[in-house]
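The values are calculated or read from the model by the stated rules, or taken from the named source; none is laboratory data. Just so we're clear, the structure is a prediction, and the values are computed from it rather than from any experiment. Here Cβ is always computed from backbone atoms with ideal geometry, including for glycine, and neighbour counts include all displayed protein chains. All accessible areas refer to the heavy atoms of the entire protein, side chains included, with ligands and DNA or RNA removed. Shrake-Rupley method; radii C 1.70, N 1.55, O 1.52, S 1.80 Å.
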Amino acid sequence: MKMSRILAAVAAGVMLATSQAALAATEIQWWHAMGGNLGETVDQLAAQFNASQSDYKVVPVFKGSYTETLTAAIAAFRARQNAHPHIVQVFEVGTATMMAAKGATYPVHQLMADANEPFDPKAYIGPVYGYYATTDGKLLSMPFNSSTPVFYWNKEMFQKAGLDPNKGPRSWQDVGEMGKKLVASGAKCGFTPQWQTWTLIENFGAWHNLPYATGENGFASTDIELKFNDTARVTLIQALSDWSKEKVFVYGGREGKSTAMFTGGDCGMHIGSSASAAAIEKALGAEKVGTTMMPVWGDTKPQNSIIGGATLWALQGKPKEEYKGVAKFFTFLSRGDVQAKWHQETGYVPITASAEGITAQAGFYQKFPGRDIAIKQLQLNAPTINSKGLRIGNFVQIRDVVDEELEAVWAGQKTAQQALDTAVSRGNKLLKDFQAAN
Amino acid sequence: MKRAIFNDRLLPYLLLGPQLIVTLVFFIWPSGEAIWQSMLLEDAFGGSSRFVWFRNFERLFDDEGYWASFETTAIFSIAVATIGLALALLLATTADRSLRGAGAYRSLLIWPYAVAPAVAGVLWGFLFNPGAGLLPYYLNLMGVAWNHQINGNQALLLVIAAACWNQVSYNFVFFLAGLQSIPRALIEAAAIDGAGPGRRFWSIVFPLLAPTGFFLLVVNIIYAFFGTFGIIDALTKGGPARSTEILVYKVYSDGFRGQDFGGSAAQSAILMGIVVVLTVVQFRFIERRIHY
């Protein structure tokens, strides 16, 4: 008897304690994929938000890589035990998957309206906003970490090769010439790109105003076909393949693996994410790194580059009042000072124009020249239907296919034309599958 | 009397119960789910779900990549099983002698098994990193341009080597135990009769080791099919150009990278079938030739 009374008392106490905690602050779960230094900045952002008000408490949880985070959220949602997070960070290639998941996601524009939270689409930088908005300009997910590829070169190696250390290449032809001189001066490799599908195929297309797929790159329709086997891209890939014989171009692996070859001093030139800037400057010494815009083919006029990175999606199925907290947190993340801190500490581009202004006024770009290239590149011209972004179903697998086919070119098994033609036809099959499943 | 009969009927079920429940919960139920899911076509979050009969299977058999994965799996598992077994047998026969420090050799040979497959993958990745690795440097000096990030054959060779290295210790322990249980008298009698070391091995040791060898063959094939996932994920992620994508890795990459749950479930169903067939073949045809 005594025992059960004690138990009851304990149980009552626990319930009281938890209900008090619930009264104190509603917890907002945020699953993300930012490890290491980035994860620390994410924790700081959440702590800053939690300290700024007392109604909601954002709890950031690191869930591994982008794919692992997305898979974890999908599994939690499908289990229907209310264990899924309010907010999940999803990489840009998962956008079409998230959009197709009707009933699972809560579009940001609707969430903000339902929570009566003021929201001004014009405050955001065009190419960042546009990538995640519907064709009529309604925002689906909250831009968080966005980057764009920029061109890096090693000034010391340029000097050694008898090149002007303060002048990067303007065109791909320049890259070829400079690469030859670098190799002649003893460099192991001239040029290597990061994330080859993103930099050489997707961004090369936007930069030259060429479509990646029909239907406005998938923004206007889901019944689309891939178009990236055009003459311009075939010419570029073939040129790189020819250059690889003299080590002017060297393939360094998928995703960000090749950056080690640039920071290790093997390669003199690199195309990489603007978010790699801090790591590259740390490895080589900021004074040795030159940064400029991506090269163009011949004398083409560049359009604007597109972004990569991730956004925050709100998931359905939580009590209505909790979404007010999500809306408040999104407003907090869009604040100029918060974005400026995020931009300066990580190298990701700011998502609002005001954050860029704050950063410039603080003299950040004088101290770190080249860190403004990414934003300049994104805003070089008003985005066209070819340079607004990409919305492709089964995009993860399509990127794998493009990676595979490009690897076949680098291994000398296929010509650029054969590889890109096969990539397009294999990719179109995957698009058909996606259409059938959704 | 009646009670006793009642008890007799219930008791076997009671005794079997725990085992049956474990089988049901951890095997039959998930397998059933997988088969059910292999006939569904749905979006990632399971919002729209349609029953499509065997369309996911048709889609698979139309996919060249799937057939290529079969070929890769066949080459990979045969290589891992034969090389792993042959090497372990060689090591075991050489270690099964009264040498000075034999105990130390044996312990050292057992060590690799303590390394988790994913860690083994990372270690081999360091050793063979085309940019910074030690071995590619020497291979380059010998005129071999090593880059398993581009060259599919080299990548396959690398995962086979890493998988064998990881498994050889396990095989070694069993072979050594098998060798030590062979009566010395048999071998000594053969030696007195004038049989050389080769003859002694093939006529006496090898047949007596056959049960161990058969057990290891089954274990190694299963290891090559499933246990090598960590090595492949850490070393090549199935690349380059899918040249190291074995069936189980494709299940993972299509399901968890591509969110194609129907297609992935269909592949698991097929994989399940293959394992059943392999096990039946092994026990019906190979076991018959073995004398215990």
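Tabulated data for the structure shown
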| item | result |
| --- | --- |
| Answer from A:K318, A:K288 - the residue that is farther than 30 Å from A:V183 by Cβ and either open to solvent by 10 Å² or more (accessible area, probe 1.4 Å) or within 14 Å of another protein chain (Cβ to nearest Cβ) (or both) | A:K318 |
| Hits in segment A:227-254 (condition: over 15 Å from A:E407 (Cβ atoms) and in contact with an Asp or Glu (Cβ under 7 Å, 6 or more places away or on another chain)) | A:N229 |
| Top-ranked residue in segment A:291-305 [being open to solvent by 10 Å² or more (accessible area, probe 1.4 Å) and in a strand (DSSP E or B); ranked as nearest to the other protein chains (Cβ to nearest Cβ)] | A:T291 |
| Of residues in segment B:12-69 being of a type in the set (A, V, I, L, M) and part of a loop (DSSP other than H, G, I, E, B), the one surrounded by the most Cβ atoms within 10 Å (Cβ to Cβ) | B:A44 |
| Considering residues of segment B:116-134 that are part of a helix (DSSP H, G or I) and among the aromatic types (F, W, Y) only, the residue surrounded by the most Cβ atoms within 10 Å (Cβ to Cβ) | B:W124 |
| Only one of A:L140, A:L182 that is over 27 Å from A:G264 (Cα atoms) and among the hydrophobic types (A, V, I, L, M, F, W, C) | A:L140 |
| Checklist (1) without any contact (Cβ under 8 Å) to a residue 60 or more places away in the chain; (2) in contact with a Lys or Arg (Cβ under 8 Å, 6 or more places away or on another chain); (3) in a helix (DSSP H, G or I); (4) over 23 Å from A:F119 (Cα atoms) applied to A:H109, failing item | (4) |
| One residue from A:F228, A:F249, A:F204, A:F262 being within 14 Å of chain B (Cβ to nearest Cβ) and within 26 Å of B:R242 (Cα to Cα) | A:F249 |
| Residues satisfying the stated conditions in segment A:48-95, i.e. away from chain B (no Cβ under 14 Å) and in a helix (DSSP H, G or I) | A:Q48, A:F49, A:N50, A:A51, A:S52, A:E92 |
| Condition met for B:A241 (outside any helix (DSSP H, G or I), among the aliphatic types (A, V, I, L, M) and in contact with a helix residue (DSSP H, G or I) (Cβ under 7 Å, 6 or more places away or on another chain)) | yes |
| Restricting segment B:135-188 to residues that are β-branched (V, I, T) and more than 14 Å from every other protein chain (Cβ to nearest Cβ), the residue that is surrounded by the most Cβ atoms within 10 Å (Cβ to Cβ) | B:V159 |
| Filtered residue count, segment A:238-262, keeping only those that are part of a loop (DSSP other than H, G, I, E, B) and either open to solvent by 20 Å² or more (accessible area, probe 1.4 Å) or under 15 Å from B:G131 (Cβ atoms) (or both) | 10 |
| For A:A133: the one exception among (1) modelled with pLDDT of 95 or more; (2) open to solvent by less than 10 Å² (accessible area, probe 1.4 Å) | (1) |
| Complete set of residues in segment A:359-401 that are open to solvent by 10 Å² or more (accessible area, probe 1.4 Å), of a type outside the set (G, A, S) and under 20 Å from A:G290 (Cα atoms) | A:F364, A:Y365, A:Q366, A:K367, A:F368, A:P369, A:R371, A:D372, A:I373, A:K376, A:L380 |
| Restricting segment B:189-236 to residues that are buried (at least 19 other Cβ atoms within 10 Å of the Cβ) and in a loop (DSSP other than H, G, I, E, B), the residue that is modelled with the highest pLDDT | B:T228 |
| Search result, residues across segment A:304-333 that are over 17 Å from the mean Cα position of the chain (by Cα) and either of a type in the set (G, A, S) or in the same structural domain as A:I201 (by TED's automatic domain parsing) (or both) | A:A314, A:G317, A:G325, A:A327 |
| Enumeration of residues in segment A:420-432 that are crowded, with 20+ Cβ neighbours inside 10 Å and at the interface with chain B (Cβ under 10 Å from one of its Cβ atoms) | A:R426, A:L430 |
| Filtered residues of segment B:41-76 (kept if on the phi > 0 side of the Ramachandran plot and at pLDDT 85 or above) | B:W53 |
| Conditions (1) of a type outside the set (A, V, I, L, M, F, W, C); (2) under 19 Å from B:P130 (Cα atoms); (3) part of a loop (DSSP other than H, G, I, E, B): number failed by A:D223 | (2) |
| Within segment A:402-419, tally of residues that are in contact (Cβ under 8 Å) with a residue 40 or more places away in the chain and either open to solvent by 10 Å² or more (accessible area, probe 1.4 Å) or over 15 Å from A:R233 (Cβ atoms) (or both) | 6 |
| Segments classed as helices (runs of 4 or more DSSP H), wholly inside segment A:343-438, with at least 3 members that are assigned by TED's automatic domain parsing to the domain that holds A:E246 and β-branched (V, I, T) | A:395-410 |
| Long-range neighbours under 7 Å by Cβ, at least six apart or interchain, first residue over 25 Å from A:L163 (Cα atoms) within segment A:181-200, second in a helix (DSSP H, G or I) | A:Q196/A:D403; A:Q196/A:L406; A:T197/A:R399; A:T197/A:V402; A:T197/A:D403 |
| Residues located in segment A:400-418, provided they are under 25 Å from B:G263 (Cβ atoms) and more than 10 Å from chain B (Cβ to nearest Cβ) | A:V402 |
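Matching residues to (1) closer than 30 Å to B:T244 by Cβ; (2) modelled with pLDDT of 85 or more:
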{"site": "B:A95", "(1), (2)": "no, no"}
{"site": "B:Y105", "(1), (2)": "no, no"}
{"site": "B:A114", "(1), (2)": "yes, yes"}
{"site": "B:G125", "(1), (2)": "yes, yes"}
{"site": "B:Y170", "(1), (2)": "yes, yes"}
{"site": "B:L176", "(1), (2)": "no, yes"}
{"site": "B:R184", "(1), (2)": "no, yes"}
